[in-house]
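The values are calculated or read from the model by the stated rules, or taken from the named source; none is laboratory data. Just so we're clear, the structure is a prediction, and the values are computed from it rather than from any experiment. When we count neighbours, we look across all protein chains shown, and the Cβ atoms used for this are built from the backbone with ideal geometry, even at glycine. Note: areas computed on protein heavy atoms with side chains; ligands, DNA, RNA excluded. Shrake-Rupley method; radii C 1.70, N 1.55, O 1.52, S 1.80 Å.
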Amino acid sequence: MHVTLTINDTKHHLELDPRVTLLDAIRHHAGLTGTKKGCDHGQCGACTVMVNGRRINSCLSLAVMHDGDAITTIEGLGTPEALSPLQAAFIETDGFQCGYCTPGQICSATAMLEEIRAGWPSHVSETLDGPALPTEAEIAERMSGNLCRCSAYPNIIAAIRLAAAEREDAA
Amino acid sequence: MRAFDYIRAGSCKDALAEAETPGTAFIAGGTNLLDLMKHEVMTPARLVDISRLDLRGITLTDAGLRIGAMVSNSDLAADPLVRRHWPLLSRALLAGASGQLRNKATTGGNLLQRTRCYYFYDTAMQCNKREPGSGCAAIGGFNRIHAILGASDACIATHPSDMAVALRALSAEVELLAAGGGRRQVPLAAFYRLPGDTPHVETVLEPGEMIAAVLLPPAEGGRQIYRKVRDRASYAFALVSVAACLRMETGRIAAAALAFGGLAHMPWRSAELEGALIGEAPSPALFDHAADLLLAEAKGQGDNDFKIPLARRTLAAVLAEATAEEGARA
């Protein structure tokens, strides 16, 4: 089937079997291998990308269902020369060991900070009325869909808090 | 994954017409269905994509709240009306899955998600739900997560949804569409089926029928609480959960609706338990009596025996919180 995906502002016209997941379309058909395949069952979050601004597990979605959608992967967030604030913060705080989960962590955190900004509550929020704040407990809860086999969690949370604080300062 | 034909529905009418072909499944968020298709637990020959249908509205009506079947779990949890008047529903949704999954999972799909019984997922094992008549490997197997109420000799699986437990306590109804223009409304209480000797038939949905909306009656005053007990603090299914809507008047319980997750093949509710609370002043003895009524027929399977005392304690904790005087809440 013919599918058009706009990945990081570039249109990709792909011919795909309906079984191809969004993850495999991104990696194997569009050639963008920054997004990682971990469990391939929606449990680890390594495949997290943003679709129309929202984070999802790309392994649990069919590419054909995303015809016309705008997808952002780790490659679309920043470059080695111009890192995104979260990418820079992960380096600053040493928010990884092996790095395999990192693209998913950063894509997830990028969208998660927008969810906080939009005032979405979480399971650990004291009230449902907000305001939502990027505290350690809130970040841990909101990032629970991203596992890190190396267990670099303390520094992942530190990176996200740093990026969130920098954005507050800039705002 | 087995090969399938993919059809994107342009309208509910198209989707329902397509679903008349045997072997067709609807796909919306796909977060559970695609996982099951990868494991070949489910092998539909045709997928009809209903994710773009115009069923995304959340509307306040005289009859209550109408939630379109395609509303994502994230949008529903964050909806201002839901947060304000049905906080139980927000809390239950936020207690389930992960941020990524909630962004994709839909209201209709959440109701229809399948059990996470390990033997259902493992195609090498016996499972009457996956393969009717093959047996149940969970009975006598590893059954820590399994049912203590309403189970049968054919199946001891639990329903995994948190959202459905809240909806059951909120007396929700489900609006169903059928090909040819049929439309019916079913209380959630009557939507799910106990396993009996047909555990593969989980709801009263007829082949080809589609969930269009979930309907909530107007919110009653009082406290709404969702308490979930699980093996880790986040991103895990409930071992036991309690959804409570409770209203006090002059020191006595005036209204109580309680639904339980993790205990049965469907969200569980006991009219006897609720009846015993009405008109009474809260006390540990009353909560214990309520638990007796809930658990009179409870049967452990070995690994899940702990759920019986856990359900008792969780119910007592929720009732204590729900009936505590203002200012005295933990």
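Points to keep in mind about this one:
- Residue within the range B:97-118 that is of a type in the set (Phe, Trp, Tyr), out of contact with any Ser or Thr (no Cβ under 9 Å at 6 or more places or on another chain) and surrounded by 21 or more Cβ atoms within 10 Å (Cβ to Cβ) present: no
- Candidate set from the range B:95-110 (those that are of a type in the set (S, T, N, Q) and in a helix (DSSP H, G or I)); member that is farthest from the other protein chains (Cβ to nearest Cβ): B:THR107
- Count of residues meeting criterion [open to solvent by less than 40 Å² (accessible area, probe 1.4 Å), in a loop (DSSP other than H, G, I, E, B) and under 22 Å from B:PHE26 (Cα atoms)] in the range B:170-197: 2
- Whichever residue in the range A:6-40 is within 13 Å of chain B (Cβ to nearest Cβ) and among the basic types (Lys, Arg) and, among such residues, is farthest from A:GLY68 (Cα to Cα): A:LYS37
- Output for the range B:267-304, where each listed residue is among the acidic types (Asp, Glu), in a loop (DSSP other than H, G, I, E, B) and without any contact (Cβ under 8 Å) to a residue 60 or more places away in the chain: B:GLU280
- Condition check for B:THR31: within 14 Å of chain A (Cβ to nearest Cβ), modelled with pLDDT of 95 or more, closer than 23 Å to B:GLY181 by Cβ and open to solvent by 20 Å² or more (accessible area, probe 1.4 Å): no
Residue-by-condition table, conditions (1) surrounded by fewer than 18 Cβ atoms within 10 Å (Cβ to Cβ); (2) part of a loop (DSSP other than H, G, I, E, B); (3) over 20 Å from the mean Cα position of the chain (by Cα):
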position	(1), (2), (3)
B:LEU93	no, no, no
B:PHE142	yes, yes, yes
B:ALA151	no, yes, no
B:PRO160	no, yes, no
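- Filter result for B:LEU81 (under 23 Å from the mean Cα position of the chain (by Cα), within 11 Å of another protein chain (Cβ to nearest Cβ) and among the aliphatic types (A, V, I, L, M)): no
- Single condition A:HIS28 does not satisfy, out of (1) open to solvent by less than 10 Å² (accessible area, probe 1.4 Å); (2) part of a helix (DSSP H, G or I); (3) not hydrophobic (A, V, I, L, M, F, W, C): (1)
- Of the residues making up the range B:62-78, those that are open to solvent by 20 Å² or more (accessible area, probe 1.4 Å) and either at the interface with chain A (Cβ under 9 Å from one of its Cβ atoms) or at pLDDT 95 or above (or both) are B:ARG66, B:ASP75.
- Residues considered: B:ALA255, B:ALA238, B:ALA244, B:ALA264. Of these, the only one that is of a type in the set (Gly, Ala, Ser), open to solvent by less than 30 Å² (accessible area, probe 1.4 Å), touching a residue at least 60 places away in the same chain (Cβ under 8 Å) and not in a loop (DSSP other than H, G, I, E, B) is B:ALA244.
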